[in-house]
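*Asks:* Here it is: the structure, laid out below.
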Amino acid sequence: MKHLKQFLLMAMLLFTLAPLQVSAKENIDVKEILWGHIKDSYEWHITKVGDHPVVIHLPIIVNTTSGWHVFCSSEFSEEKDANGDRPGPFNLVIKNADAQANPNKIVEKVGGQEVRPLDISITKTVCVLFIDAIILLLCVLIPARWCRKHKVDDPAPKGFVGLMHMFIMSVYTDVIEATLGKEAPKYAPWLLTCFFFIFVANIMGIVPFPPGGGNLTGNIACTVFFGVTTFLITNFTGTKEYWKDIFWPEVPTWLKVPVPLMPFIELFGIFTKPLALIIRLFANMMAGHAIALSFAAIIFIMFNISENAIANYVAGTGMTIVSVAMSAFMMLLEVLVSYIQALVFTMLSAVFISLAHVKSHEAEPEIVK
Amino acid sequence: MDLLIPDSGLLFWMTLVFIIVFIILWKAGFPAIIKMVTDRKAFIDESLKKAHEANEKLANIQKEGESILQEAREKQAAILKEAADTRDAIVEKAQDKAREEGARLLSDAKAQIETEKQNAIREIRGQVAELSVQIAEKVLKAKLSDDKAQMDMINRLLDEVSSDNKQ
């Protein structure tokens, strides 16, 4: 056993010696690596075998001035034109990543003007969205099927079904029921779907190879959807007292008339609440991906730090050990963050909904009775 | 900055996919699981309560059984004691009766013996008197064979009678 460990250590050290051929200084574009991963793209770049990139080309669906077009993203040329754009069919180009307007997006060239068409392409993030949705459905429908096929007095479920039951109930009782009380069953399906959708997407984002590796919850479009839906549910189910507390709160009258200071602040609060949800989830997950990628990129930067091959080798090998250790640590931290962010989102959504369901202060003593 | 602008295409797919997923999970997922787990919890709690009650009942039954046994033992002891007392009383009574009977028999026997004795004595006396009269007759015949003796006798008897009268 002891010898085995030593042998493994030697093997790992030899493995770090492998990139010895890196000698000449190369410029590593960390920004491109980072943005390339964090931002959406029309194809799924998996890895590079030798000089040949392994890419999954995804379907493009656009509504241009010449109508609907559905084609494969491989029809865009790999070669970039003078502007750094990638030309494709139907006067469409994928804009340069550094462009001012619509970087990395499909635009249509109409008479010298660049117009953004209605673009519902299955991009990398949409693809990840589909995969996550299927995983989520499997994770919930399998335990639900068990429930339909068993009676109350059957033996307890084992394994995955048992785990999911426990997981769902932990979120339900500790977060939703604790916050919403009697109204919990009404909002539980929505909040639980949000929780598990975010959690699955976060966890799949950590997995570094397909079907994982996408950056769904770190994309603002995804979090905007969650924020807007929470905003809509909160305000459309709000009680009369909720709106009264916003426009005529119980504060000294000079705070309300002639200058409606408190109503203004309260009204502002309606929008900041979901905005906080949007930004929190987006920033947390994006930062997690950025850090994980940065630690990986450090290895390649250090192998190209100087003109001297020996110095590169020493710096790169040393940094590899540090970077791998830090990456492992960050990965574990990200797993924790995945859970915490999903939980925080669900908890805050539940709190916002419960705040919108305030009963009038006169009615409260009756409830106590 | 484009990082902070939601892409319309992704937003469209996100809305579509999420709402489909939500409806499926709403109709077939979460409520079923929550209901099942809540029901199971209630069932398990109920079963535990019942088991607890049954245990308590069992302990009570054991205690009751012990008390019944104890009572039975006490009753048995009491009955045994009573039986012994009765036996003793009966034996004593019998002994008393026997003693009395014995005494009575003894006294009867004694009385009979006494009567027999008296009878025997009376008989003997009669016989003796008869015998003595016969003997006296014979003696008197022998003694009064002559006149002189007869005269003495008459005189003496007369004396005796006179002395008796004087008194």
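*Asks:* List the helices (runs of 4 or more DSSP H) inside segment A:212-325, counting only whole elements, that have at least 2 residues being at pLDDT below 90 and over 27 Å from A:Gln341 (Cβ atoms).
*Replies:* Result: A:240-247, A:261-302.
*Asks:* Shifting gears a bit: For residues in segment B:1-37 being among the charged types (D, E, K, R) and within 7 Å of chain A (Cβ to nearest Cβ), which is surrounded by the most Cβ atoms within 10 Å (Cβ to Cβ)?
*Replies:* Within segment B:1-37, the match that is surrounded by the most Cβ atoms within 10 Å (Cβ to Cβ) is B:Asp7.
*Asks:* Among the listed residues B:Gly65, B:Gly9, identify the single one that is more than 51 Å from the chain's Cα centre (by Cα) and small (Gly, Ala, Ser). Lay out the reasoning, then the answer.
*Replies:* On the way: B:Gly65 fails: more than 51 Å from the chain's Cα centre (by Cα).
Of B:Gly65, B:Gly9, the one residue that is more than 51 Å from the chain's Cα centre (by Cα) and small (Gly, Ala, Ser) is B:Gly9.
*Asks:* How many residues, within segment A:122-136, are in contact with a helix residue (DSSP H, G or I) (Cβ under 6 Å, 6 or more places away or on another chain) and at the interface with chain B (Cβ under 7 Å from one of its Cβ atoms)?
*Replies:* Within segment A:122-136, residues that are in contact with a helix residue (DSSP H, G or I) (Cβ under 6 Å, 6 or more places away or on another chain) and at the interface with chain B (Cβ under 7 Å from one of its Cβ atoms) number 5.
*Asks:* Within segment A:137-148, which residues are closer than 26 Å to A:Thr217 by Cα and more than 7 Å from chain B (Cβ to nearest Cβ)?
*Replies:* Across segment A:137-148, the qualifying residues are A:Leu138, A:Cys139, A:Ile142.
*Asks:* For segment A:161-172, name all the residues that are β-branched (Val, Ile, Thr) and within 9 Å of chain B (Cβ to nearest Cβ).
*Replies:* A:Ile168, the sole residue that qualifies.
*Asks:* Only one residue in A:Lys151, A:Lys186, A:Lys158 is within 23 Å of A:Leu348 (Cα to Cα) and more than 8 Å from chain B (Cβ to nearest Cβ), so which one is that?
*Replies:* Of the residues listed, the single one that is within 23 Å of A:Leu348 (Cα to Cα) and more than 8 Å from chain B (Cβ to nearest Cβ) is A:Lys186.
*Asks:* Strands (runs of 3 or more DSSP E) wholly in segment A:33-92 with at least 1 residues that are surrounded by fewer than 17 Cβ atoms within 10 Å (Cβ to Cβ) and of a type in the set (S, T, N, Q) - which ones?
*Replies:* Ranges flagged: A:43-49, A:59-64.
*Asks:* Something else: Select from segment A:23-32 the residues that are assigned to a loop (DSSP other than H, G, I, E, B) and not hydrophobic (A, V, I, L, M, F, W, C) and list them in ascending order.
*Replies:* A:Ser23, A:Lys25, A:Glu26, A:Asn27, A:Asp29
*Asks:* If only one of A:Gly218, A:Gly214, A:Gly269 is farther than 29 Å from A:Ala184 by Cα and either charged (D, E, K, R) or within 29 Å of the chain's Cα centre (by Cα) (or both), which one is it?
*Replies:* Only one candidate passes the filter, namely A:Gly214.
*Asks:* Examine segment B:53-67 for a residue that is basic (Lys, Arg), more than 20 Å from A:Thr229 (Cα to Cα) and within 14 Å of chain A (Cβ to nearest Cβ), and state whether such a residue exists.
*Replies:* The answer is no, given that none of the residues of segment B:53-67 is basic (Lys, Arg), more than 20 Å from A:Thr229 (Cα to Cα) and within 14 Å of chain A (Cβ to nearest Cβ).
*Asks:* A further question follows. Out of segment A:109-121, which residues are more than 9 Å from chain B (Cβ to nearest Cβ) and either closer than 12 Å to A:Ile60 by Cβ or touching a Phe, Trp or Tyr at 6+ places or on another chain (Cβ under 7 Å) (or both)?
*Replies:* A:Pro117, the sole residue that qualifies.
*Asks:* Could you check segment A:236-260 and list, in sequence order, the residues that are within 35 Å of the chain's Cα centre (by Cα) and surrounded by fewer than 16 Cβ atoms within 10 Å (Cβ to Cβ)?
*Replies:* Those that are within 35 Å of the chain's Cα centre (by Cα) and surrounded by fewer than 16 Cβ atoms within 10 Å (Cβ to Cβ): A:Phe236, A:Thr237, A:Thr239, A:Trp243.
*Asks:* Cβ-Cβ under 6 Å, sequence separation 6+ or interchain: first residue in segment B:33-47 and without any contact (Cβ under 8 Å) to a residue 60 or more places away in the chain, partner assigned to a helix (DSSP H, G or I) and of a type in the set (A, V, I, L, M). Which pairs?
*Replies:* Partner pairs satisfying both residue conditions: B:Ile33/A:Ala144; B:Ile33/A:Ile168; B:Val37/A:Met169.
The values are calculated or read from the model by the stated rules, or taken from the named source; none is laboratory data. Given the structure is predicted, the values throughout are model-derived calculations rather than measurements. All Cβ positions, glycine included, derive from the backbone under ideal geometry; neighbour counts span all protein chains shown.
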